[in-house]
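> The structure that follows is given in the form of structure tokens.
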Ligand SMILES: *Cc1c(COP(=O)(O)O)cnc(C)c1O
């Protein structure tokens with residue numbers, strides 16, 4: 001084929017645009033991007049003057065669109081019933097907290113300025129007051145995430161020294177963050193005590209040496225132990241540590257600041273309980289059970305926190321004003337049970353089954369092939385791994401997963417969960433304000 005003939009045979013842009021495989025990217029990337037990607041591929045084909053079959057060119061367009069889509073952050077409707085889904089950004093942030101934080105972040109603030117002296121202030125003290133108030137601790141600081149908090153603590157206190165940890169607490173959390181390797185990277189020598197299922201106070205006692213820097217406790221996070229097990233009460237660990245003149249550090253991970261029993265969930269150890277037990281430093285995440293932005297929070301004894309603030313490494317782990325503002329605003333919602341419900345995690349947990357059923361009825365009335373059914377929601381995010389929360393789902397027949405696929409490419413994408421030939425959309429994680437949108441998407445595709 002001559003170059004001229006090749007040019008003539010180039011398929012038209014509209015043929016690509018009407019291809020369903022390509023159209024599926026429109027909700028994610030927008031019409032303009034779809035068109036410019038197609039034009040770019042065709043231009044390249046024209047310059048090269050080679051292989052111009054629609055089959056070949058459309059594959060190239062799809063390849064480009066798929067890479068662009070993978071690099072784009074988009075709104076997703078989480079209908080999985082998993083409240084803190086790491087794949088979907090964990091905790092949604094409170095709208096009210098966001099609006100208040102926007103005022104701080106879009107202007108100037110006293111981030112590192114002391115308004116009383118007119119001199120330099122410390123960003124590492126900015127949330128101390130609210131953390132003292134909400135968590136009942138002497139002091140608190142905020143770093144990038146809980147993983148960073150653990151690293152900072154180990155780097156400050158345990159470099160070249162020994163840290164005693166119960167064998168069953170040497171967990172791996174998501175993203176390959178494994179405690180034993182973190183200890184190694186921080187230059188701390190790990191001293192494992194106990195058997196896999198049982199650890200006693202005497203195990204810790206025997207492991208103490210003059211080189212022991214800390215007794216370390218970790219939340220089991222994403223797994224649970226049952227059966228023939230034994231753990232040491234944290235308060236006992238604290239009195240042992242006190243006698244040895246060293247602190248206990250607890251990585252709580254999920255970081256509950258309220259008792260989750262009030263939502264019908266099993267008891268989850270709270271930050272306040274850890275502080276009450278006398279734990280020296282408690283580390284936890286901002287975007288798990290706290291319901292705020294990604295952050296790592298360390299609360300505890302003032303003298304220990306001062307040591308953390310003096311570690312030059314803290315500079316590399318610091319958070320920006322946006323995180324501080326969002327976290328501060330989220331924490332201030334804990335002041336009353338009314339404002340707490342402005343945190344999406346708590347409004348989702350607080351929704352009654354009657355409310356969820358009533359919403360499901362509206363779906364069923366609009367979508368004849370759907371039905372309402374009981375469902376189980378989960379907290380997710382490495383917290384309360386075994387706890388289920390009674391919920392309500394709208395079920396759609398979907399033997400081959402075609403409906404699930406169609407909804408994933410809706411605008412905005414809707415992700416449910418497939419269970420024995422049905423697609424379940426759990427209403428607990430769908431914001432009520434999104435119901436109309438989801439119903440419209442279903443009406444167009446089912
Ligand atoms: C989730 C978790 C972490 C890590 O928290 P990030 O904020 O995601 O860094 C650390 N330790 C425990 C026990 C956890 O559950």
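Read the figures in this text as sums done on the coordinates, not as results from a lab. Computed from a prediction, not measured in an experiment: that's the story for all the values here. Note that each Cβ is placed from the backbone with ideal geometry, even for glycine, and that neighbours are counted across all protein chains shown.
> When the chain is fully extended, how far beyond the present Cα-Cα distance does residue 350 get from residue 35, taking 0.36 nm per residue of separation?
Value of the extension gain: 108.9 nm.
> Further question on the same structure: Please give the helix 146-157 orientation as an angle from the longest Cα principal axis of the chain, in degrees from 0 to 90, rounded to the nearest 10.
30
> Also, quick follow-up: Show that you can apply the helix-only estimate: for the chain, add -39,500 (n - 2.57) for every DSSP H stretch of four or more residues, divide by all residues, and state [θ] at 222 nm to the nearest 500. List each step's numbers first, then the result.
Details: 20 runs with 180 residues, N = 446.
One gets -11500 deg cm²/dmol as the mean residue ellipticity at 222 nm.
> For the chain, find the longest principal axis of its Cα atoms and tell me its angle to the long axis of helix 234-244, 0 to 90°, nearest 10.
50
> Could you tell me how many cubic angstrom of Cα convex hull volume segment 30-84 has per residue?
104
> Right, next: Between segment 183-252 and segment 274-308, what is the C-alpha centre distance in whole Å?
Comparing the Cα centres of segment 183-252 and segment 274-308, I get a distance of 18 Å.
> Further, regarding this structure: How much length is gained if the chain between residue 358 and residue 64 is pulled fully straight, taking 0.36 nm per residue apart and subtracting their Cα-Cα distance, in nm to one decimal?
Working: separation 294, 0.36 × 294 = 105.84 nm, distance 4.32 nm.
Value of the extension gain: 101.5 nm.
> Please tell me the relative contact order of segment 1-158 in percent, rounded to the nearest whole number, where contacts are Cα pairs under 8 Å and at least six residues apart. Working shown, then result.
Values: 93 pairs, mean separation 21.7, N = 158.
Normalised by residue count, the contact order of segment 1-158 is 14 percent.
> In addition: State, to one decimal in nm, how far the label point of residue 228 lies from the label point of residue 111, with both points 7 Å from Cα in the Cβ direction.
In this crude label model, residue 228 to residue 111 measures out at 5.7 nm.
> Once you order the gyration tensor axes a ≥ b ≥ c over the Cα atoms, which shape class does segment 206-327 get: rounded for a/c under 1.5, otherwise prolate or oblate by comparing a/b with b/c?
Taking the square roots of the gyration eigenvalues as a ≥ b ≥ c, segment 206-327 is oblate.
> Could you check the simple spin-label distance between residue 185 and residue 337, using points 7 Å along Cα→Cβ, in nm with one decimal?
That separation, rounded to one decimal, is 4.2 nm.
> For residue 102 and residue 196, what is the calculated FRET efficiency with R₀ set at 56 Å and r taken between the beta-carbons, to the nearest 0.05? Write out the running numbers ahead of the final one.
Numbers: r = 49 Å, r/R0 = 0.87.
Calculated value: 0.70.
> When a/c reaches 1.5 or more, the comparison of a/b and b/c decides; with that in mind, is segment 75-222 rounded, prolate or oblate per its Cα gyration tensor?
Working: a/c = 2.62, a/b = 1.45, b/c = 1.81.
Oblate is the answer for segment 75-222, as a/c is 1.5 or above yet b/c matches or exceeds a/b.
> Given 0.36 nm per residue, what is the gain on full extension from residue 262 to residue 388 after removing their alpha carbon distance, in nm? Intermediate values should be presented prior to the final figure.
Numbers: separation 126, 0.36 × 126 = 45.36 nm, distance 1.41 nm.
That pair, residue 262 and residue 388, stretches by 43.9 nm at full extension.
> Express the relative contact order of the chain as a whole percentage, based on alpha carbon pairs under 8 Å and six or more residues apart in sequence.
20
> Among rounded, prolate and oblate, which fits segment 251-311 when a ≥ b ≥ c are the square roots of the eigenvalues of its C-alpha gyration tensor, a/c under 1.5 means rounded, and a/b larger than b/c means prolate?
Oblate, since a/c reaches 1.5 and b/c is not below a/b.
> Given a Förster distance of 45 Å, report the FRET efficiency between residue 376 and residue 236 from their Cβ-Cβ distance, rounded to the nearest 0.05.
Given R0 = 45 Å and the Cβ-Cβ separation, E is 0.80.
> Relative contact order of segment 241-353, please, whole-number percent, based on alpha carbon pairs below 8 angstrom and at least 6 residues apart.
Relative contact order here is 20 percent.
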